[in-house]
Amino acid sequence: MATTKKKGKKRPSTTWGLVILTLVLFASLALLGAGIGFVISAVRGLPALSSFEPKPSMTSMIYDSKGNVIAKLHGEENRIPISIDQMPEHLQKAFVATEDDKFFEHRGVNFKAIIRALYVNIRGISYQGGSTITQQLVKTALLKNPARTYTRKIQEAILAVQVERYFTKKEILQMYLNQIHLGHGTYGVEAAAQLYFGKHARDLTLGESALLAGLARSPSTYSPYNDMAAARTVRDVVLDQMLKNQFISADQHAQAKAEEIRLAGLTKEESNLAPFFVDVVLKQVLEKYGASAVYGGGLHIYTTVDMDIQNAAEAGVAQVMDQAFPIREGQDQPDAAVVVLDPKTGEVKAIVGGRAHTNRLSLNRAMHDPRQPGSAFKPIAVYAAAFERGYSAGTVIDDSPVSYPQFSGPPWTPENYTRDFKGLITIREAIEQSINVVAVKVLEQIGVETGVNYATRMGISTLVTQKGAQKSDYTLSLGLGGLTHGVTPYEMASAYGVFANKGIRVEPHTITKVTDNMGNILEQHQPKMEIIMGEDVAYLMTHILRGVIFSPGATGGRANIGRPAAGKTGTSSDHADAWFVGYTPDLVAAVWIGHHERKPMDRQTGGRYPAEIWKLVMGEAHKNIPVSDFQRPKNFVEVEICTKSGHLPGPFCPADTIKKELFIKGTEPQVTCSVHVLAQVCADDPTKLATQNCPWVIDKVFIKRPEPYTPTKDGRIPKDAYLEVPTQYCQIHGNQGEDWSGDD
């Protein structure tokens, strides 16, 4: 019997293929899921596009009175945003050629560049970016994290596409060129153009534009300040790219490569012009707008400084002080400060706060270091107030010894600088010769409170006026500038500006206008004026203070600038502070010198180095100002007076005491001098009154003092005391006092 063979089942040949396919499918799905999750994760971390338009840190500018930039204020980023219209076309194309030559064709992402970059990076050749200009802008404006990750690359791409939908190509390029870092703390093409070439971006040549574009690759590597050869190489690479992309012609390419690179030169931050003036402005805007706005808000701050006058002030201080007190290591030499302002407008034209400016917002002696003003304070606290109360330039005060009791200790006896007494003297002479005793006596007569109030109204803010305080300025030493805290050159200049401006005080200021980065006005100065004294009083003071400079023997002769001017010297009692404050019809200036720590300066006075500095500064400041004189009001009269009485000359007034004096109408003298009297003395002893027995009798003119004086402990008396009427009779020719009409 035949047997049959059982046929077995055949396994499908596709089993393993199916398994592999399934695994691949699952792997693909896993990878896809991971990729989707990766993308979702990247998308979730995206910042809101609504806040995209960059608000970068922008440099604030300080301008002088002529509109020139004198300082740039910025934090780590020095940026000056400008519009695309202020960027030359070749500058725009230079960046496009080197950074993203397909910029005007793609929609935010250049996929060919990305694939090329991925291929290079995967092979480990180098890390190459495929970012477009739009992506780079997104990276710096929105994605602050500098880490190079694929997550961030996805975020850049997504945001770049969105940005291209919201903004035009020109808008994107403008934002990019204002945002990019170009070395040495500069951001954006305008700041870079000024740093490297000392010009605006709009004025850049083709070669200069190409160099800036090359810096975008690595500012520190290609900076011409660091490596000129590398800078020239990268510039030429950019020019080659521009030629390749047909952005420039062959001739333009050749000419630009032949350009010599001319740099403006790096300057240190502290080399800003007018550093002490800038400090004053900076302090004001910081207090008002805050650091973020000042150092990053792109403010435009317009000021009153006149750089010609500022330079003259700095040069004047250096010329006098460096010669008189050369700075040597280990030696404490006197410092100096100067303020110049326009009395009519209150505009501060120059500030020098010391011989050297070491740090931003350092001590400014012109503004924040009150010092004793000495006699320079007399016109402010004594004489102007006295003239308002009817005193005149011809009023006579007895410069003679006087003492005032104090709450504790011995009486106070004011002294003159010359340690003598002039006797009967007019207020004009007392001011010209800076007689201390006269100032104290006048202040006593008008009242200390009057002097304090007057000085305060004239702009002196440092006086201690709290009655009952342990220390206050309600003392007679106010008349000599002996103050609790002192005064600043800034306020002294302001106070003297009242005299120069016909009795009107204009609040001094340094800022005329502040605008934001778009030109919107944030503040604009409004003048603040106040009538402090009558025009006649201001002119009378000016007329007298002219004599301080021009009268023979006056204290301020070294300040003569060869044109009408008035001023006053000041020296503290211990010679620790010396001043000259003076003015013309156009400008007023205050000059101070002294040590950092108050100590004597070897008998230096305000009539020496301060007056010399004032002359140099004001002489140069007036170089282009036409000569003008102070205008005399109509209500003045000139009258001859006797300078020992202040009255009309009498029959016995010596010729050398009769002078013409200027008076405000109504204050001129109406009575005749009674100080000069006639008496008969013995010819043999002219210091004694004659008797009937004197054979020869002389008629002699003497001074009859309105009030007696008391000699000092060391016996000092007024210089004119020897002219007083004798009180004793001649002893040579018999008994004194015998009847002159006696018998034969």
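Read the figures in this text as sums done on the coordinates, not as results from a lab. Because the structure is a prediction, the values reported are computed rather than measured. Virtual Cβ from ideal backbone geometry, glycine too; neighbours counted across all protein chains shown.
Hey, can you rank 718-729, 74-85 by average C-beta count inside 10 Å, highest first?
74-85, 718-729
So what's the net charge close to Ala231: Lys and Arg +1, Asp and Glu -1, counting the other residues with Cβ under 14 Å from its Cβ?
It works out to a net charge of 0.
Under 8 Å for C-alpha pairs, at least 6 residues apart: give me the relative contact order for segment 251-350, rounded to a whole percent.
On the way: 49 pairs, mean separation 25.9, N = 100.
Averaging sequence separation for qualifying contacts and normalising by length gives 26 percent for segment 251-350.
Taking only C-alpha pairs under 8 Å that are 6+ residues apart, what is the relative contact order of segment 373-487 in percent?
34
Which ³J(HN,Hα) values in Hz, rounded to whole numbers, follow from the phi angles of segment 89-96 under the Karplus curve 6.51 cos²θ - 1.76 cosθ + 1.60, where θ = phi - 60° and Gly and Pro get x?
4, 5, 5, 4, 5, 5, 5, 4
Describe numerically, in nm with one decimal, the distance between label points set 7 Å from Cα along Cα→Cβ at His200 and at Ser674.
7.8
If you stretched the chain out fully between Phe407 and Ile531, how much longer would it get, using 0.36 nm times the residue separation minus the C-alpha to C-alpha distance?
41.0 nm
DSSP loop (so not H, G, I, E, B), at most 15 other Cβ within 10 Å: list which GluC sites (Glu not before Pro) in segment 554-662 pass both filters. Could the numbers behind the result be given before it?
Values: sites: Glu597, Glu612, Glu620, Glu638, Glu640, Glu661; in loops: Glu597.
Loop-located and lightly packed - Glu597.
What FRET efficiency, computed as 1/(1 + (r/R0)^6) with R0 = 51 Å and r the Cβ-Cβ distance, is obtained for Asn359 and Asp699, rounded to the nearest 0.05?
Values: r = 74 Å, r/R0 = 1.46.
Approximately 0.10, to the nearest 0.05.
Restricting attention to segment 499-545, which trypsin sites (Lys or Arg not before Pro) occupy a DSSP loop and are surrounded by at most 16 other Cβ atoms within 10 Å?
Values: sites: Lys502, Arg505, Lys513, Lys528; in loops: Lys502, Lys528.
In loop regions of segment 499-545 (DSSP not H, G, I, E or B), the sparsely surrounded trypsin sites (Lys or Arg not before Pro) are Lys528.
Quick check: pseudo-label points 7 Å beyond the Cα along Cα→Cβ at Ile732 and Lys169, how many nm apart are they?
About 11.9 nm separates the two model spin labels.
Considering all projection directions equally, how large on average is the shadow of the alpha-carbon convex hull of segment 544-657, in square nanometres? Kindly include the intermediate steps, with their values, before the conclusion.
Numbers: hull surface 39.2 nm².
Averaging across all directions leaves 9.8 nm² for the Cα convex hull.
Just list whichever of Lys378/Lys471; Lys441/Lys471; Lys66/Lys502; Lys72/Lys615 have alpha carbons separated by over 24 Å in the model shown. Before the final figure, lay out each step's value.
Details: Lys378/Lys471 20 Å; Lys441/Lys471 22 Å; Lys66/Lys502 27 Å; Lys72/Lys615 32 Å.
Listed pairs above 24 Å: Lys66/Lys502; Lys72/Lys615.
Can you compute the label reach from Asp85? Point 7 Å from Cα along the Cβ direction, backbone N cut-off under 14 Å, restricted to segment 170-192.
Residues 171 fall inside that zone.
What length, rounded to one decimal in nm, is gained on full extension from Gln323 through to Tyr225, with 0.36 nm per residue of separation minus their alpha-carbon distance?
31.6 nm
Any idea what the relative contact order of segment 441-498 is, in percent, if you count C-alpha pairs under 8 Å spaced at least 6 apart? Walk me through the numbers on the way to the answer.
Details: 53 pairs, mean separation 21.5, N = 58.
Across segment 441-498, relative contact order equals 37 percent.
What length, rounded to one decimal in nm, is gained on full extension from Asn311 through to Ala254, with 0.36 nm per residue of separation minus their alpha-carbon distance?
That pair, Asn311 and Ala254, stretches by 16.1 nm at full extension.
Once R0 is set to 45 Å, what does the formula 1/(1 + (r/R0)^6) return for the Cβ-Cβ distance between Arg563 and Asp516, expressed as a FRET efficiency to the nearest 0.05?
According to the calculation, E is roughly 0.55.
Using the alpha-carbon centroid of each, what span in Å lies between segment 530-567 and segment 312-357?
Here the answer is 23 Å between Cα centres.
I'd like the distance between the alpha-carbon centres of segment 680-736 and segment 613-635, rounded to an integer number of Å.
50
Can you give the Rg to Rh ratio of segment 373-487, both from alpha-carbon atoms, with Rh computed by the Kirkwood formula?
Result for segment 373-487 is an Rg/Rh of 0.95.
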